[in-house]
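J.: First, the structure itself, so that you have it in front of you.
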Ligand SMILES: Cc1cc2nc3c(=O)[nH]c(=O)nc-3n(C[C@H](O)[C@H](O)[C@H](O)COP(=O)(O)OP(=O)(O)OC[C@H]3O[C@@H](n4cnc5c(N)ncnc54)[C@H](O)[C@@H]3O)c2cc1C
C-alpha cells in the first residue's frame, strides 16, 4: 500500500518510520527545502518518550539535550523568585523526560528513516482528488500522482486539512495569545538555565539550547487575533508588544535578528472528524493543543504510532482510521481542555494574578508536590492506557484488554467504538479481558454509569475473560444494565469467549 504523507515534521517522520516497518510504502513530502535549523525547545515525555524508545532513539536524544539545569522565574532585576530543577522534572516523570530542541528531535527522526523512506523536500500539495480506489495528489510543480492513502501531517496550518476538510477558521480556537521566538548568542549570562520574566499579559523567556553559546528566546503576550504576521512585520510587532518591559527584554529585542523570527497565534485545532475517505490527519493538523500543553510533540509521535498500528491491524483502512481517531481524540481533547484552562495562569493578565502565580510556584515547585505536578503536566502515555482494543475486534464484536486504572478517556474511546459499531449493526458484543483492574478514576465512575445507560440496551453479549475474582463478579453484575447476556471465561479460554460472542 502506497501512502503519501504531507509534512516531514514530528508526526510525519514518525508515521513514515512505522509504516515502513509494517510493510507499507510511505512517501513523505515536505515543503521546506531541508531540515529546519532554527526552532525552540520542547519538554519531551509521556507518549513521545515511549514511541522514541520503541524506535531506539532515546540514546541519540539523550546525547543532545538542552543544557538547562533549571527553569527559573525571575523578577525585574533578574533575581530568582522560584525555580523548578530539571532533576525534579525528571523525577516527576520517573526519569522518562528530556528537554530537547524541536530541530534535534526532527533531525533524529529523519535519520531513522533517511535510507528507507523517500522524502521529497521542497514539495507540497496543491490539490487532492479521491475516487473509491485511490487518492490523487497534485504537487506544486504540476505533477499528479495516485496513492492508496494520504495522511496530512502538515502541522497547525495544514494544507491537507484545508483542501479536504474545510478552511482553518472552521477548526481554529484562538486562546488569546501570540508566541514568538528566535535564537542569538548568549551575551546575557543566562548560562545553563531557562529563565522567565512575567508582567501582566506578557512573558519573556531565555534559555540555553543544545549548542554551546546559543540562546533561545520565547515571547508570549495577550493580543487580539490578527492572524498570520508577515515576516517583515514581526520584529516591529514584538517591539511594540514588549515596549517598556523589564529584565533583559530591551537588550533581547535590540539584538533580535530581522528575519528569522518564528511568530504564530496560540491556537488550538478542534475537529470531530479526522478522516474523510482515503485521507486522514495526524499531529497538530487535527489536534493542536498549543505550547501551553507542553505535549504537542509527544502527542504527535504518539498519534502517529497509533495510526500506523491501526493500519497494521485493520485491513480496512476506513476501520483503521476510526480506531485511531477513537483512541487518540479523547486524549487530545482532555489535554486541550487542560491547556485552555491553564492559559490564564501561564501568563496572568493582572498584578493580582501575577502575585497568586508567584505564591503557587514557590509552594508547588518542590519534591513534596511531585504527584500534583505530574498531574498538571498530564504526562501519562497513551501507549500505556488501561483499556487497549484487541486486534481480533471485528464488525459487531469488540474486545479490550483491561490493565490499569480506567480513566475518562478510556470510556470515551469505548463509547466512540460502540457508537461506530452501532452505526453499522443493530447490536454489539463486548469482550473484556481483565489482566488487572487497578481502579477507576472519579470522573470515569460517572462515565461508567453513563455508558451503561446509553449503550446497555444495545449490548447483546458481554464476555469477561480473566482469573481475577473481579472477572466473575463483573460478568454476573453486568446483567441486565450493561448487557443482556454475560458470561465469565477463565484466562486460557479467550478463543472460546470470542467464539461465544460471534455465534
Ligand atoms: C514555541 C513552541 C513551544 C512548544 N513547546 C512544546 C513542548 O514543550 N512540548 C511539546 O510536546 N510540544 C511543544 N510544542 C508543540 C510542538 O512543537 C508541536 O505540537 C509539534 O511540532 C507538532 O508536530 P507535527 O508534526 O504535527 O507538526 P510540525 O512539527 O509543525 O510539522 C509539520 C511539518 O509539515 C510541513 N508542512 C507544512 N505545510 C506543508 C505543506 N503544505 N506541504 C508539505 N509540508 C508542509 C512543515 O514544514 C513541517 O515540517 C511547542 C510549539 C511551539 C510553537
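The values are calculated or read from the model by the stated rules, or taken from the named source; none is laboratory data. These numbers come from a predicted model, not from an experiment. Cβ atoms come from the backbone with ideal geometry, glycine included; neighbour counts cover every protein chain shown.
J.: How many residues does the stretch 224-239 contain that are surrounded by fewer than 18 Cβ atoms within 10 Å (Cβ to Cβ) and closer than 19 Å to residue 348 by Cα?
T.: Number satisfying all stated conditions: 2.
J.: Search the stretch 129-155 for residues being out of contact with any strand residue (DSSP E or B) (no Cβ under 6 Å at 6 or more places or on another chain) and outside any strand (DSSP E or B), and hand back the single one that is nearest to the ligand (Cβ to nearest atom).
T.: Among residues in the stretch 129-155 that are out of contact with any strand residue (DSSP E or B) (no Cβ under 6 Å at 6 or more places or on another chain) and outside any strand (DSSP E or B), the one nearest to the ligand (Cβ to nearest atom) is 155.
J.: So the check is Cβ under 6 Å with 6+ separation or different chains; which pairs have a first residue in the stretch 11-22 that's within 13 Å of residue 115 (Cα to Cα) and more than 9 Å from the ligand (Cβ to nearest atom) and a second one that's assigned to a helix (DSSP H, G or I) and modelled with pLDDT of 95 or more?
T.: Pairs found: 16/113; 17/112; 17/113.
J.: Something else: Could you figure out which of (1) surrounded by fewer than 16 Cβ atoms within 10 Å (Cβ to Cβ); (2) out of contact with any strand residue (DSSP E or B) (no Cβ under 7 Å at 6 or more places or on another chain) isn't true of residue 33?
T.: Failing condition for residue 33: (2).
J.: For residues that are touching a helix residue (DSSP H, G or I) at 6+ places or on another chain (Cβ under 9 Å) and within 16 Å of the ligand (Cβ to nearest atom), tally how many sit in the stretch 243-256.
T.: Total satisfying the criteria: 1.
J.: Can you pull out every residue in the stretch 420-440 that is touching a helix residue (DSSP H, G or I) at 6+ places or on another chain (Cβ under 7 Å), surrounded by 17 or more Cβ atoms within 10 Å (Cβ to Cβ) and either assigned by TED's automatic domain parsing to the domain that holds residue 323 or not in a strand (DSSP E or B) (or both)?
T.: Of everything in the stretch 420-440, just one residue is touching a helix residue (DSSP H, G or I) at 6+ places or on another chain (Cβ under 7 Å), surrounded by 17 or more Cβ atoms within 10 Å (Cβ to Cβ) and either assigned by TED's automatic domain parsing to the domain that holds residue 323 or not in a strand (DSSP E or B) (or both), namely 420.
J.: Suppose we keep only residues that are within 8 Å of the ligand (Cβ to nearest atom) and assigned to a helix (DSSP H, G or I) within the stretch 286-302. Which one would you say is farthest from the chain's Cα centre (by Cα)?
T.: It comes out as 291.
J.: Still on this structure: May I ask you to list the residues in the stretch 240-285 that are part of a helix (DSSP H, G or I) and exposed (fewer than 14 other Cβ atoms within 10 Å of the Cβ)?
T.: Within the stretch 240-285, 240, 251, 254 meet the criteria.
J.: Considering only the stretch 38-54, state which residues are outside any helix (DSSP H, G or I) and either away from the ligand (no atom under 16 Å from the Cβ) or surrounded by fewer than 20 Cβ atoms within 10 Å (Cβ to Cβ) (or both).
T.: 38, 39 - these are the residues of the stretch 38-54 that are outside any helix (DSSP H, G or I) and either away from the ligand (no atom under 16 Å from the Cβ) or surrounded by fewer than 20 Cβ atoms within 10 Å (Cβ to Cβ) (or both).
J.: Right, here's the next one. Go through the stretch 90-128 and give me each residue that's within 12 Å of the ligand (Cβ to nearest atom), part of a strand (DSSP E or B) and in contact (Cβ under 8 Å) with a residue 40 or more places away in the chain.
T.: Within the stretch 90-128, 97, 98, 99, 100, 101, 119, 120, 121, 125, 128 qualify.
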